Amino acid sequence: MTERDGQAAEGEQELLRLYILFGLLFRTAMADWGQVRQVPLKLSYHWFFEELSRWAERQHHRLRRHLRQRGCVLLSARRERGVYVVQYRQRGYVREAVYSIEVLRAECQELARLWIMRQQAPCQDPGAMVPERHARRIGREEGEKAT
C-alpha cells in the first residue's frame, strides 16, 4: 500500500465516521421529538426536530453517495456492549470499525450545536430576521406615515 493509498483510506474512514454520525443524528432527532411530543409544552418545537433531522439526513445521503463513488459500502452497523460496530467494504476488502457509543453521542451533540449556530449566524440582529425586501417596504411605509 502506498502512502497515497493510506491517505485515501484514512479519508474514507473519516467520511464513514461522519456518515455514521449523521445517520445517528437524523434518527435520534426524530426519536427525541417523539419523547418531547408526549409532554405538554407552551411552545411547539416540532420544526426544530424536523429541520435538524432533515439536515442530518441530507448530509447522511450525500456522504453515502460520496463513499460509494470511492468504492466504500456500509454492510452492517450494530450496538454491542457499549460500542457501535460497523462493517463495511472498502475496495473489495471487508473491514470493521468500532466506535464508542459515548463518543458518538458527544459528537452528535456537537453536530447539533453547530447546526444551531449556523442557523443563528444570519439572524444575530432581530431586525435581520426580516427579509431584505420586506425591510425596505416597511421602511417606505414608515416614511410615508411620517410625512
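The values are calculated or read from the model by the stated rules, or taken from the named source; none is laboratory data. Given the structure is predicted, the values throughout are model-derived calculations rather than measurements. Cβ: placed from backbone, ideal geometry, glycine included. Neighbour counts: every protein chain shown. What goes into the accessible areas is simple: the full protein's heavy atoms, side chains included, and nothing from ligands, DNA or RNA. Shrake-Rupley method; radii C 1.70, N 1.55, O 1.52, S 1.80 Å.
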task = Only residues that are surrounded by 11 or more Cβ atoms within 10 Å (Cβ to Cβ) and either of a type in the set (Asp, Glu) or not in a helix (DSSP H, G or I) (or both): list them for the stretch 40-67, please.
result = TYR45, GLU50, GLU51, GLU57
query = Would a scan of the stretch 22-33 turn up a residue that is at pLDDT 90 or above, assigned to a helix (DSSP H, G or I) and touching a strand residue (DSSP E or B) at 6+ places or on another chain (Cβ under 9 Å)?
reply = yes
query = surrounded by 12 or more Cβ atoms within 10 Å (Cβ to Cβ) and among the acidic types (Asp, Glu) - does that describe any residue in the stretch 22-39?
reply = yes
inquiry  = Take the residues in the stretch 68-86 that are of a type outside the set (A, V, I, L, M, F, W, C) and open to solvent by less than 60 Å² (accessible area, probe 1.4 Å); name whichever of them is nearest to GLU10 (Cα to Cα).
reply    = GLY71
